Every structure is written in C-alpha cells, then in structure tokens.
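**Q** My questions will all concern the structure given below.
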Amino acid sequence: MGKVYVFDHPLIQHKVALMRMKDTSVKDFRELAKEVAMLMGFEATRNLPLEEVEIETPICRTRVRMLKGEDIAIVPILRAGLGFVDGMLALVPNAKVGHVGLYRDPETHEPVEYYCKLPKDIEKRQIFVVDPMLATGGSAVAAIDFIKKRGGRNITFMCLIAAPQGIETLQKAHPDIDIYIASKDETLDENAYIVPGLGDAGDRLYGTK
Ligand code: PRP
Ligand code: URA
C-alpha cells in the first residue's frame, strides 16, 4: 500500500491558510500555489533517482551525483493542476510535462475527460500527478487510470487539500501510489466541495468567478 504524507511544516500551513482566505487575490493565490508546490515538491522528490557524473572542479576531476532529470514527468490535472507546475519545474527544470484534462460534471460530480497528452516514454518516468484539490477523488482516480493505460507505472499524487473521502477512494483505486497532502480537511458539502477548503481552485487561480 502506498503511503499518505500530510505536511505539518509551518511554512506550508501558513501559506495554505492564506490561500483559504476568500479575499486573497488571484495574483497572491497563484504565487502561493507556486510556493507551496516548491515546498511540498522538496519532500515529495526525496526518492528521485540520481546518477553518477564526472565533473571538473577548479581543483580536480571528481564524480558527483546528479538528478536523472529526463526521468521525471509532471502531470497536472487541468486546469487547476497547472498552478503546481511552475513550482515543481523550479525544482526539476528538466522534467517533461504531460497534461490530463478533466472537469467535474456539475450535476453528477463525475470526471469528464477532454484532453490527454503525455511524454512518449511515460512508462520510464517517475510521474508526479498534481492537482490542488482531492475532493471525491473521482478526478485523481480517472487521471491516474489514463496514465496507467498509457504505460505510466511509477506515480506519486500531490495535492494541496484533501477530503478523507477522496483519500480513501484514491487509495482503494490505486493502492500502489504515494499521496502527498498539504492539509487534510473535514468533509465534503452537498456540492462535493471540500469543507472548509478554499472554494473552486481553478476559479481562484484564474479569476473566472
Ligand atoms: C477540481 C480540482 C480537481 C477536482 C477535484 O477541478 O482541480 O481536479 O475538482 O474534485 P474530485 O476529487 O471530486 O474529482 P474542476 O473539475 O473544478 O475543474 P477545473 O480545474 O477545470 O476548474
Ligand atoms: N474542486 C475544487 O476546486 N474545490 C473543491 O472544494 C472540490 C473540488
């Protein structure tokens, strides 16, 4: 069974608190999403593969360990997942980026796919699926289904806020993946929004409400 990591780092908690506030501007929300993605990504990338490389310092030749950058893929779930991409790329600039487009049907709350484009060699990569919200879990489960159908195997899921229902659903559907969460919330409301949550992450990132 994959592990669930909930961050208790004060910087992450502070920034998530700012993102929850309803009067936080779109600009600030977007900047905070990038900062939290970097802070979370620092820990979520702890087990990334390294390779030995020979380099020359001003003193001598030596062997050092460097990231196998070409082995990483970041896959945001459109559209709110895009808010995590820049923060992750700041950490692993050579990573490839795939996209999975899903939206929740407003009536059924079921995910509807509209786009999927992944790096050709996705089966070789350590994949970070990113989305700020894990509510019912439907979108994350569907996105990871698509990625696995296309050969992806080594998958980590990262989100800002998760409801207990979403964590359970995702773990049941994909018991092999690790889940990184900045904050675990109480429950879902009747519209399947996370409570207390931060509202609609896509609207808050892009000012569409
Ligand atoms: C949001 C969010 C997740 C999904 C989570 O996307 O970014 O993808 O809802 O909900 P779930 O766990 O119940 O599936 P939304 O469907 O609002 O689309 P958007 O990012 O385009 O706004
Ligand atoms: N999607 C969001 O953007 N927010 C929620 O609270 C639930 C799903």
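The values are calculated or read from the model by the stated rules, or taken from the named source; none is laboratory data. From a predicted model like this one, the values you see are computed outputs, not experimental measurements. All Cβ positions, even for glycine, are placed from backbone atoms using ideal geometry, and neighbour counts span all protein chains on display. These area figures cover heavy atoms from the full protein model, side chains too; ligands, DNA and RNA do not enter into them. Shrake-Rupley method; radii C 1.70, N 1.55, O 1.52, S 1.80 Å.
**Q** Residues of the range 147-170 being within 13 Å of ligand 1 (Cβ to nearest atom) and either part of a strand (DSSP E or B) or open to solvent by 20 Å² or more (accessible area, probe 1.4 Å) (or both), which ones? Lay out the reasoning, then the answer.
**A** Looking only at the range 147-170, we keep the residues that are within 13 Å of ligand 1 (Cβ to nearest atom), and these are 157-170.
Within the range 147-170, Phe157, Met158, Cys159, Leu160, Ile161, Ala162, Pro164, Gln165, Glu168, Thr169 qualify.
**Q** Kindly provide the set of residues from the range 88-100 that are open to solvent by 30 Å² or more (accessible area, probe 1.4 Å) and more than 19 Å from Tyr206 (Cα to Cα), ordered by number. I'd like the intermediate steps shown before the answer.
**A** At the first step, the residues of the range 88-100 found to be open to solvent by 30 Å² or more (accessible area, probe 1.4 Å) are 89-91, 93-94, 96-97, 99.
Leu89, Ala90, Leu91, Pro93, Asn94, Lys96, Val97 - these are the residues of the range 88-100 that are open to solvent by 30 Å² or more (accessible area, probe 1.4 Å) and more than 19 Å from Tyr206 (Cα to Cα).
**Q** To continue, here is another question. Within the range 118-146, take every residue that is more than 12 Å from ligand 1 (Cβ to nearest atom) and charged (D, E, K, R) and give me the one that is surrounded by the fewest Cβ atoms within 10 Å (Cβ to Cβ).
**A** Filtering first and then ranking leaves Lys120.
**Q** Among the candidates Tyr193, Tyr115, single out the residue that is at pLDDT below 95, open to solvent by 20 Å² or more (accessible area, probe 1.4 Å) and within 13 Å of ligand 1 (Cβ to nearest atom).
**A** Tyr115
**Q** Can you tell me which residue in the range 101-128 is farthest from ligand 2 (Cβ to nearest atom), limited to those that are more than 16 Å from Ala37 (Cβ to Cβ) and among the aliphatic types (A, V, I, L, M)?
**A** That would be Ile122.
**Q** Also, I was wondering about something else. Restricting to the range 172-190, and then to whatever is open to solvent by 20 Å² or more (accessible area, probe 1.4 Å) and under 15 Å from Ala135 (Cβ atoms), can you tell me which residue is nearest to ligand 1 (Cβ to nearest atom)?
**A** First, pick out the residues of the range 172-190 that are open to solvent by 20 Å² or more (accessible area, probe 1.4 Å): 172-173, 175-176, 178, 184, 186-190.
From the residues that got through so far, the ones that are under 15 Å from Ala135 (Cβ atoms) too are 173, 184, 186-190.
Working: Ala173: 12, Lys184: 14, Glu186: 15, Thr187: 13, Leu188: 8, Asp189: 12, Glu190: 13 Å.
Residue satisfying both the conditions and the ranking: Leu188.
**Q** Still on this structure, please answer the following. Looking at the range 90-100, can you tell me whether even one residue there is free of Cβ contacts under 8 Å to residues at least 60 places away in the same chain and within 16 Å of ligand 2 (Cβ to nearest atom)?
**A** The first filter runs over the range 90-100 and keeps only residues free of Cβ contacts under 8 Å to residues at least 60 places away in the same chain, leaving 90-100.
Checking which are within 16 Å of ligand 2 (Cβ to nearest atom) leaves us with 100.
So far as the range 90-100 goes, yes, one or more of its residues are free of Cβ contacts under 8 Å to residues at least 60 places away in the same chain and within 16 Å of ligand 2 (Cβ to nearest atom).
**Q** Within the range 66-82, can you find the residues that are near ligand 1 (Cβ under 9 Å from one of its atoms) and open to solvent by 10 Å² or more (accessible area, probe 1.4 Å)?
**A** Listed by number, the residues that qualify are Leu78, Arg79, Ala80, Leu82.
**Q** So, one more: Going through the range 115-127 one residue at a time, which ones are farther than 18 Å from Thr156 by Cβ and in contact (Cβ under 8 Å) with a residue 24 or more places away in the chain? Please lay out each step first, then the result.
**A** In the first step, residues of the range 115-127 are kept if they are farther than 18 Å from Thr156 by Cβ; the result is 115-117, 120.
Once the filter is applied, which keeps residues that are farther than 18 Å from Thr156 by Cβ and in contact (Cβ under 8 Å) with a residue 24 or more places away in the chain, the range 115-127 yields Tyr115, Cys116.
**Q** Ok, one more. Which residue, of Val85, Val16, is among the aliphatic types (A, V, I, L, M), buried (at least 18 other Cβ atoms within 10 Å of the Cβ), touching a residue at least 60 places away in the same chain (Cβ under 8 Å) and outside any strand (DSSP E or B)?
**A** Values: Val85 fails: touching a residue at least 60 places away in the same chain (Cβ under 8 Å).
It is Val16.
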